[in-house]
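> Here it is: the structure, laid out below.
The values are calculated or read from the model by the stated rules, or taken from the named source; none is laboratory data. Fair warning: this is a prediction, and the values are worked out from it, not measured in the lab. Backbone-built Cβ (ideal geometry, glycine too); neighbour counts: all protein chains shown. Just the protein is used for accessible areas: all its heavy atoms, side chains included, with ligands, DNA and RNA removed. Shrake-Rupley method; radii C 1.70, N 1.55, O 1.52, S 1.80 Å.
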Amino acid sequence: MLRRTRPPRSARAWCRALCATAIAMLALAGCGGSDGGGDGGDKGEVVITCAFCQPSPTDPFVQFTYDAAQEFNKKFKGRYRIETIKNQYVSTGPERLAYYKRLALADDLPDIIGANGTERATLARMGKLFDYSKAFDEDPAWRDSFHESALDGVSGDDGQVWGIPQQRDVIGIYYNKRLFRAAGVAEFPHTWDEFEAACEKIKASGKACIAFEGDWTTLLMWANLIGTQEGGAEFLDSGLSTGEYAGNPAVVSATERLKAWHEAGYANKDALTGRYEDAAAAYVNGDAAMVANGPWMVPLSFKAKGVPKGLYEDTGYELSPGFTADGRGIVVSAGGSGYSSGAKTEEEQEAVVEFLKFLTSRDKYVAFTFATGSYPSIKVTFTDAEAKKLEPLALGLSRAADTVPFEYKEVHLSAPGGFQLAWTNLWPAYVKGDLSTDEFLERLGTDTLSPTG
Amino acid sequence: MERALSATTATRETTAPAALDLAPAAPARARRGTGRLPRRARMRDAGAAGPRPPKGMRGAIALSLVPGVALFVTFFLVPLGMLVVTSLADWGGIGFEYLGLDNYSALLSDDTFWKAAKNTLLYCAAGVFIQVPLGVIVGIMLAQRRPGWRLFRTIVFIPYVISGAAYALIFGLLYNPRYGLLNDAIGLFSVEGRDWLSSSSTALPAIAGTFVFIIGFHVVLVMAEVAAIPRELYEAARLDGATEWQRHRYVTLPLLRNVIGTLVLITLLFCLALFDVVFIMTKGGPADATATLTVYAFRAYANGAWGYANAVGVVIVAIGLLLIVGIRRLFRIGERTL
């Protein structure tokens, strides 16, 4: 009988060491593995990656793009295919730019991303963005299908086109007609003085006049207060990027007035948390009578499951008051969000353009309006049948906006990247009286442009 | 009581030579007790090194170290090197301009940096002077295994497994001035509610309040250490007439030195890296009242000043190293207690 002998101790040790090395190498190799994006796929099929196409129960824009990508994949099967990249920063925020920069540095920017103005500018400076201008030159009809104001927001200084604009929205103020009636306010105020008089009555009825959170909705009202003054629209267009806010009389008066509303008790108690949900909840729950926001709030908040019965029916949507009755205004958000691309090869770029033409076709963008409540960046004349299906609140405001004397940009469209962090850091301290108006605006400007703002 | 203490000392004295005996090649000079042990012998005594491996094994041992070293180099040394190199440059993904120490001098002259450093220190103080003592006291109490200790241990430990981000959201709701439970609770005592996170005076304590009571890890570690203390020491102390308080004061606490030191170190390193709770709840505001060094670094990072952000990162790493060395020495972590 053969007797099996154990290998010598040193040999066993060598064996263990080699196994451990092999496992470690495999682990390291795994770390550098592909995420599945890129040029793989069936022979002849161009595969592109999309970091703005994923199922999302909370973001109808992302969900819409995901659904469109699935349709595109079916329609162009064998020719093009879109692979979805799960992007935890898919919704805009300070972290998303850093994420895109990391990918760009690794030369791994997805073929389709959702990007705002700051992100586009940064990635374009890095030389990582595909310029759509050639595609527009080859298909002028596609280019002409967009609103000029939407294209302005995505265009570079030398005629480059760094993104395909997603939407063009007018942003007004929602108000609760039932709470207005209960407070004895007959109609939505047309001037800021009337607005404050209405707020006094609403406050006396035990409700907050307007919902804020210290960030998005607060900045919309800041923009309204600035934009309805002479020179305000220019500041919101080009002045924000200078960081020089303290010397601008329109900005000073708007800032002080907005603060005074908080001091007077017009705002909800949690108006400084920095969480949009708090402002939305204050309005939806009937604790506040007004909130500034875009048309997407209707499907997301007023028609969502679980909202108080009758909220939608009680809600009206209006232009901003002005300093005179015929000086009302509206915030326009156009060319902010858009579809940019990190596609490198001609085949990938061609596939991206094909998808975006598909996505921005009239039929798809009518569906976009139905799905998101937002208005498309392309020029669309809705048929009567389509108009009947459109959200009446948004449609009404969109039509009213055609004749409004003051039209101005939403703050994030032209503010430098550091503005939002600086604002959310300083605004609560200013409202609580820790900073004077001069100190607040000085620091806001400085911090916006400083690396640690 | 003195006898109890002498019993402790005696046990330590009888244990220590046994540990020394484990070292087969202790130098004669050391065995004779004629002077300080050479470095290698001291390390061996501390259990840091064993006998030299046989010659035939050395190659295999060296090879077996390769995976660990490769991982260490790839995931620690290289990133650390990049952190240091890029901290000396104006770099944000676009271009790379060498600046020398400009980033460091800029941050040292920035008031916000010092405010963030002060806040970090305050969070650390809250951790060391509230969280650690609380964890030690509760740990010692639970180690007595009084009725219900298992249930209580579970209750105390559960918060530890909840992520910081979830905590931030939960406490954000708790502190909310419109519908938060905290204002409702103090309202029962006719105390007016506050906007806890938006006021400069209350925001920092409110954030510290989210983590100083998470003592599950501390409790479990202390319980494990208490369980390892020989019962004879307590018996001896009891025979000497020591009260329960005296037994804990003179027996338990001195023998917990190692674990308390470890807890202090872990708590300090946690506070030094505190980010998620602060960023989610206040983003460092109002007016930097809650900003930490990591939030300060993140702002620079989010604003594209990656070189500057990395300079802050180097400062954080340096403070961490100092803490590790200082606390290890202060508490003599790693040295035998018994």
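> I need the shape label for the stretch A:310-453. Rule: rounded when a/c is under 1.5, else prolate if a/b > b/c, else oblate, with a, b, c from the alpha carbon gyration tensor.
It is oblate, given that a/c is not under 1.5 and a/b is not larger than b/c.
> Taking θ = phi - 60°, what integer Hz values does the Karplus form 6.51 cos²θ - 1.76 cosθ + 1.60 yield along the stretch A:121-132, in sequence order, with x for Gly and Pro?
4, 5, 5, 5, 4, 6, x, 10, 9, 7, 8, 7
> Counting other C-beta atoms within 10 Å, and keeping those with at most 16, which DSSP coil trypsin sites (Lys or Arg not before Pro) do you find in the stretch B:126-166?
Here the sparse-neighbourhood loop sites are B:145.
> Given C-alpha coordinates of the stretch B:63-123, what is the ratio Rg to Rh with the Kirkwood estimate of Rh?
1.17
> Could you give the semi-axes, largest first, of the ellipsoid that matches the protein assembly as shown, computed as the square roots of 5 times the alpha carbon gyration tensor eigenvalues and rounded to whole Å?
Each semi-axis is √(5λ); the values are 57, 37, 24 Å.
> Now for a different question. Per-residue ellipticity at 222 nm for the protein assembly as shown, helices alone: DSSP H runs ≥ 4 residues times -39500 (n - 2.57), over residue total, nearest 500 deg cm²/dmol?
Working: 39 runs with 423 residues, N = 791.
So the helix-based figure for the protein assembly as shown works out to -16000 deg cm²/dmol.
> Aspartates and glutamates within cross-link reach of residue A:86: Cα-Cα under 17 Å, excluding same-chain residues under 8 positions apart?
A:35, A:59, A:67, A:95, A:108, A:111
> How would A:107, A:158, B:240 line up by accessible area, probe 1.4 Å, largest first?
Working: A:107 80, A:158 130, B:240 40 Å².
These residues rank, largest area first, as A:158, A:107, B:240.
> Scattering from the C-alpha atoms of the stretch B:207-266 alone, worked out with Debye: what is log10 I(q)/I(0) at q = 0.22 1/Å?
Results for the stretch B:207-266 at q = 0.22 Å⁻¹ read -0.89.
> In addition: By the gyration tensor of its Cα atoms, with a ≥ b ≥ c the square roots of the eigenvalues, what is the shape of the stretch B:112-186: rounded for a/c under 1.5, prolate for a/b over b/c, or oblate?
It is oblate, given that a/c is not under 1.5 and a/b is not larger than b/c.
> Another question, then. Once the Cβ-Cβ distance between residue A:370 and residue A:407 is put in as r, and R0 is 22 Å, what FRET efficiency do you end up with, to the nearest 0.05?
0.30
> Between residue A:260 and residue A:197, what FRET efficiency follows from the Cβ-Cβ distance if R0 is 22 Å, with the result rounded to 0.05?
The computed FRET efficiency comes out at 0.95.
> So, one more: Would you pull out the residues with amide H under 5 Å of residue A:378's amide H, same chain only if 5 or more places away, H placed 1.01 Å from N?
A:147
> Please give the solvent-accessible surface of residue A:278 in Å², to the nearest 10, using a probe radius of 1.4 Å with every protein chain present.
In the full protein context, residue A:278 sits at about 0 Å².
> Right, next: Counting only C-alpha contacts under 8 Å and six or more residues apart, can you give the relative contact order of the stretch A:341-417 as a whole percent?
17 percent
> How many Å² of accessible area per residue for the protein assembly as shown, probe 1.4 Å?
Accessible area per residue, the protein assembly as shown: 48 Å².
> Can you give the net charge of the other residues whose Cβ lies under 13 Å from the Cβ of residue B:231, counting K and R as +1 and D and E as -1? Don't jump to the answer; show the numbers that get you there.
Numbers: positive: B:145, B:238, B:247; negative: B:232, B:235.
Result for the local shell: +1.
> Determine the shape class of the stretch B:93-233: with a ≥ b ≥ c the square roots of the Cα gyration tensor eigenvalues, call it rounded for a/c under 1.5, and otherwise prolate if a/b is greater than b/c, oblate otherwise.
It is oblate, given that a/c is not under 1.5 and a/b is not larger than b/c.
> Also, quick follow-up: Could you tell me which chymotrypsin sites (Phe, Trp or Tyr not before Pro) in the stretch A:195-227 are loop residues by DSSP with no more than 11 other beta carbons within 10 angstrom of their beta carbon? Please list the in-between numbers first.
Details: sites: A:195, A:212, A:216, A:222; in loops: A:212.
Loop-located and lightly packed - none at all.
> Which values of log₁₀ I(q)/I(0), to two decimal places, follow from the Debye formula for the stretch A:229-330 at q = 0.11 Å⁻¹ with a uniform point scatterer at every Cα?
-0.46
> Which net charge results when you count Lys and Arg as +1 and Asp and Glu as -1 among the other residues whose beta-carbon is under 13 Å from that of residue A:159?
Charge balance in the 13 Å sphere: -3.
> Here's a follow-up. Give the lysines reachable from residue A:134 as a straight Cα distance under 22 Å; neighbours fewer than 8 places away on the same chain don't count.
Counting by Cα, and skipping residues close in sequence, residue A:134 has these lysines nearby: A:344, A:357, A:379.
> Calculate the length of the line joining the C-alpha centroid of the stretch A:317-373 to that of the stretch A:141-175, in whole Å.
Each part reduced to its Cα centre gives a spacing of 6 Å.
> Please work out how much length the chain gains when fully extended from residue A:345 to residue A:389, using 0.36 nm per residue of separation minus the C-alpha to C-alpha distance, in nm with one decimal. Don't skip to the answer; put the middle values down first.
Working: separation 44, 0.36 × 44 = 15.84 nm, distance 4.11 nm.
So the chain would gain 11.7 nm between residue A:345 and residue A:389.
> Continuing with this model, one more query. Starting from the amide H of residue A:209, placed 1.01 Å from N in the peptide plane, find each other amide H under 5 Å away whose residue is 5 or more places distant or on another chain.
A:267, A:289
> Let me ask you something else. To make sure I understand the rule: partners must be lysines, Cα under 30 Å from the Cα of residue A:259, and not fewer than 8 residues away in the same chain. Which ones qualify?
A:177, A:201, A:203, A:207, A:269, A:409, A:432, B:115, B:118, B:283
> In nm, to one decimal, how far is the modelled label at residue A:149 from the one at residue B:82, with both set 7 Å along Cα→Cβ?
Modelled inter-label distance: 4.3 nm.
> What figure in square angstrom, to the nearest 10, would you give for the accessible area of residue A:193 with a 1.4 Å probe?
110 Å²
> Another one. When the accessible area of the stretch B:70-206 is computed with all protein chains present and a 1.4 Å probe, what percentage of it is carbon and sulfur?
Carbon with sulfur: 72 percent of the solvent-accessible area.
> Could you run the Karplus curve 6.51 cos²θ - 1.76 cosθ + 1.60 with θ = phi - 60° over the stretch A:237-243 and give me ³J(HN,Hα) per residue in whole Hz, x for Gly and Pro?
Working through the residues one at a time gives 8, 10, x, 5, 6, 7, x Hz.
> Right, here's the next one. Which whole-angstrom value gives the distance between the alpha carbon centres of the stretch B:171-194 and the stretch B:256-310?
So the separation of the two Cα centres works out to 27 Å.
> Three principal axis extents, largest first, for the C-alpha atoms of the stretch B:181-338, in Å?
64, 50, 20
> Normalised by the number of residues in chain A, what is the relative contact order in percent for Cα pairs under 8 Å and 6+ residues apart? Each step should come with its number before you reach the end.
On the way: 772 pairs, mean separation 99.4, N = 453.
Across chain A, relative contact order equals 22 percent.
> Separate question: With a sphere of radius 10 Å drawn around the Cβ of residue A:408, what net charge do the other residues whose Cβ falls strictly inside it have (Lys, Arg +1; Asp, Glu -1)?
-3
> Further, regarding this structure: Can you check what the Kirkwood hydrodynamic radius comes to for the stretch A:128-278, Cα pairs only, in Å to one decimal?
On the way: mean 1/r = 0.0546 Å⁻¹.
Every distinct Cα pair counted, the radius reaches 18.3 Å.
> How large is ³J(HN,Hα), in whole Hz, for each residue of the stretch B:148-159 in order, when computed from phi with the Karplus curve 6.51 cos²θ - 1.76 cosθ + 1.60 and θ = phi - 60°, using x for Gly and Pro?
For the stretch B:148-159, the Karplus-derived couplings read x, 5, 5, 4, 5, 4, 5, 4, 5, 7, 3, x Hz, x marking Gly and Pro.
> Separate question: Out of every Cα-Cα pair in chain A, what percent are more than 27 Å apart? It would help to have the intermediate numbers written out before the result.
Values: 59450 of 102378 pairs.
Within chain A, distances greater than 27 Å cover 58 percent of Cα pairs.
> Given the protein chains as shown and a 1.4 Å probe, how many square angstrom of residue B:279 are accessible, to the nearest 10?
The accessible area of residue B:279 comes to roughly 20 Å².
> Quick check: the distance between the Cα centres of the stretch A:422-446 and the stretch B:54-98, to the nearest angstrom?
43 Å
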